[in-house]
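Here the structure is laid out as structure tokens; the discussion comes afterwards.
The values are calculated or read from the model by the stated rules, or taken from the named source; none is laboratory data. Note that the structure is predicted; figures quoted are calculated from it, not measured. Here the Cβ positions follow ideal geometry from the backbone for every residue, glycine too, while neighbour counts run over all protein chains shown.
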Amino acid sequence: MGLMNYSEQQKAIETLKAKHRGCPNCHSQGAEISDIVGLPVLERGIPSGIAPGNQIMSLLPVTCRVCGCVMLFGAKEFVNLD
Ligand SMILES: [Zn+2]
């Protein structure tokens, strides 16, 4: 199962490239867009507490080449694992 197909990935990257306005930390324009990453969405249970759920949030990391600041932008809302 893929998180996003190729054309969805390219569209997300191109949209972010068009809108990105530089690093908020050092104001450099030297940022690069990395591969899409996924973070597990945690579910809150009572009384069990927080535990990994069955959803992944897909994110586009933009890394500043000058200061190393990493910005995460949503690539797609959520992807279900099941
Ligand atoms: Zn920076």
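Whether a residue is more than 16 Å from the ligand (Cβ to nearest atom), surrounded by 12 or more Cβ atoms within 10 Å (Cβ to Cβ) and not basic (Lys, Arg) was assessed, and Val66 does not pass this test. Consider Gly2 carefully, then state whether it is more than 15 Å from Val66 (Cα to Cα), away from the ligand (no atom under 16 Å from the Cβ) and modelled with pLDDT of 85 or more. No; evaluated as a whole, the condition is false for this residue. Identify, please: which residue in region 17-47 is more than 16 Å from the ligand (Cβ to nearest atom) and hydrophobic (A, V, I, L, M, F, W, C) and is, among those, surrounded by the fewest Cβ atoms within 10 Å (Cβ to Cβ)? Among those that are more than 16 Å from the ligand (Cβ to nearest atom) and hydrophobic (A, V, I, L, M, F, W, C), it is Ile46.
Scanning region 36-82 for residues being modelled with pLDDT of 85 or more, more than 22 Å from Thr15 (Cβ to Cβ), touching a strand residue (DSSP E or B) at 6+ places or on another chain (Cβ under 8 Å) and not in a strand (DSSP E or B) gives a total of 0.
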